[in-house]
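Contents: one structure, followed by commentary.
What follows is calculated from the coordinates using simple rules that are stated; it is not laboratory data. Every value quoted in this text rests on a predicted model; they were computed, and no experiment measured them. Neighbour counts run over all protein chains shown; Cβ positions are idealised from the backbone, glycine included.
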Amino acid sequence: MRRAITAAEAATLIADGSSLMFGGFMGVGTPERLIDAIVERGVRGLTIIGNDTARPGVGVGKLIDAGCVAHVIVSHIGTNPVTQKKMIDGEMRVELVPQGTLIGRIHAGGSGLGGILTPTGVGSVVEEGKQIIETGGRRYLLELPLRADFALIRAHEADYNCNLTYRLTATNFNPVIALAADCVIAEPDEIVPVGVIPPDAVRTPGVLVHHLVERPR
Amino acid sequence: MDAPGMDPKEIIARRVALELRDHSLVNLGIGLPTMVARYVPAGMDVAFQSENGIIGFGAPPPHGMEDPNLTDAGGGFISALPGAASFDSLMSFALIRGGHLDMTVLGGLQVDATGRLANWMVPGKLVPGMGGAMDLVAGARRVIVAMQHSAGGKSKIVPELTLPPTADRRVSLVVTDMAVIEPTDGGLVLRERAPGVSVAEIVAATGATLLIIGEVPEMPIQTTKPLASLPV
């Protein structure tokens, strides 16, 4: 059993230059209270890894607005003009990765795999500098595993064993990044007593989670 | 040159909808492709996937009934139809890449004479990122490109791509406001004309060579009423 901590306490764990994976698709399923606490703490030089950079003022868009981020690894930045401006001005490095490849690399990083072979990106700029492996008559790119110092998760319910559930399309990257970071911090909408979440409903087993953030007041 | 009273995008969406098959799983790109869901033929059972993790979504709920955890790939509110399933991004892209997705409809910036698609960036101008587009083109059984025939007076169907390709795969079909074109081993075959558009007009408006085999029929566009329960 684990005692929940405040978002501000969780943010003190994150140092300048850390790499963070985050859940969220256009900000849906992003742990907003943790993001606010990191902005408040004024961390600098972060590498952030997730699906997209949402919009200014939303999700990780807040980290970008506040100048916390040096390097972004995502599949899409089209909805955030601040990301594009900082990329063009050279303030921030942006690495674009196809969405299926990104989630596959994170899964590989968290599940002991040496990488994935994917047909995605063959014949495009994505293949540049990568090993192409032909097997079963088809060409694949070898895409390497991805891990981070921290995973910031938005869950629906948690119990004090840190078992987690998710809701609908707020699930997205969350259960996968829980595998792939040295320190996993979960921000649930609700914390329930141990035993309330049926075992079949648990999407992330609590053993993967290091810190639980208090429920919203 | 367009059908009387019909918006070019509506022509495209209505024609693409005729490619839908019963009991199929379909992914619609953001923008014009999303309009295809308005014209699902009556009685047809099509499951729509949104890449952010749901199959079986419906129209945006009434104002005040939105669920912040239920959105489409553009971040807009949607509803879940009875029987819908939600899942994480690993499952979503296993479905997309693994041969489980019957069809995807994507927008396009260019298609070339070999049927290759460019739809994710314009160097120096527009760098939104590929999102799920490269996975969709690599993995869907059929890839349908739904786009306007020309942009700014220039044909989007070109001899060779000048924009970065999305994949090395040949797309299955290209549907524009002027024509239906099928890329084949021999080249781009003109299959259909939009209502009221002549073969000569299409050839004149197309940058790449079109193969014309016999009589080219008009698009058999239906006038199916939009289904209120489907996303728009």
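Within the stretch A:106-210, the GluC sites (Glu not before Pro) that combine a DSSP coil assignment with at most 12 other C-beta atoms in a 10 angstrom radius are A:E128. Residue-wise HN-Hα couplings along the stretch B:118-126, as the Karplus relation 6.51 cos²θ - 1.76 cosθ + 1.60 with θ = phi - 60° gives them from phi, are 10, 8, 10, 7, 10, x, x, 10, 9 Hz; Gly and Pro carry x.
How about the stretch B:130-217: which trypsin sites (Lys or Arg not before Pro) there are in a DSSP loop, with at most 13 other Cβ atoms within 10 Å of their Cβ? Those satisfying the criteria are B:R141. Packing, taken as the mean count of other beta carbons within 10 Å per residue, orders the peptides B:45-55, A:65-75 from highest to lowest as B:45-55, A:65-75.
Seen against the Cα atoms of chain A and their longest principal axis, helix A:99-110 is set at about 60 degrees. Cross-link partners for A:K130 among the aspartates and glutamates, with Cα-Cα distance under 14 Å and sequence neighbours closer than 8 places in the same chain left out: A:E143. With a ≥ b ≥ c the root eigenvalues of the C-alpha gyration tensor of the protein assembly as shown, is it rounded (a/c under 1.5), prolate (a/b larger than b/c) or oblate? Verdict is prolate for the protein assembly as shown. Let me know the shape class of chain A, please: from the alpha-carbon gyration tensor, a ≥ b ≥ c as square roots of the eigenvalues, rounded when a/c is under 1.5, otherwise prolate if a/b is greater than b/c, or oblate. Oblate, because a/c is 1.5 or more while a/b does not exceed b/c. Note on B:M44 and A:V192: the model spin-label points, each 7 Å out from Cα along the C-beta direction, lie 4.1 nm apart.
The charge dipole of the protein assembly as shown, taken about its Cα centre with unit charges on the Cβ atoms of Lys, Arg (+1), Asp and Glu (-1) only, comes to about 240 debye.
Dividing the helix sum by the residues of chain A, where each DSSP H run of 4 or more adds -39500 (n - 2.57), gives a mean residue ellipticity at 222 nm of -5000 deg cm²/dmol.
Work out the length of the dipole vector of the stretch B:8-211 about its Cα centre, built from +1 on the beta-carbon of each Lys and Arg and -1 on the beta-carbon of each Asp and Glu, and round it to the nearest 20 debye. Mind dumping the intermediate values first?
Numbers: 16 positive and 19 negative charges, 92 e Å.
The dipole of the stretch B:8-211 has a size of about 440 debye.
Within a straight-line Cα-Cα reach of under 22 Å, A:K85 can be paired with the following lysines, leaving aside sequence neighbours fewer than 8 residues apart in one chain: A:K62, B:K125. Annotation for A:A66 and A:R2: the two label points, set 7 Å from Cα along the Cα-Cβ direction, are 2.2 nm apart.
Cα centroids of the stretch B:11-89 and the stretch A:139-217: 27 Å apart.
Label separation (A:L113 vs B:A85): 1.9 nm, computed from points 7 Å beyond Cα along the C-beta direction. Rounded to the nearest 10 degrees, the inclination of helix A:32-41 to the longest alpha-carbon principal axis of chain A is 90 degrees.
Express as a percent, rounded to the nearest 5, the fraction of DSSP beta bridges in chain B (both residues included) that run antiparallel. Show your work: numbers first, answer last.
Details: 20 of 39 bridges.
Taking every DSSP beta bridge within chain B, about 50 percent pair in antiparallel fashion.
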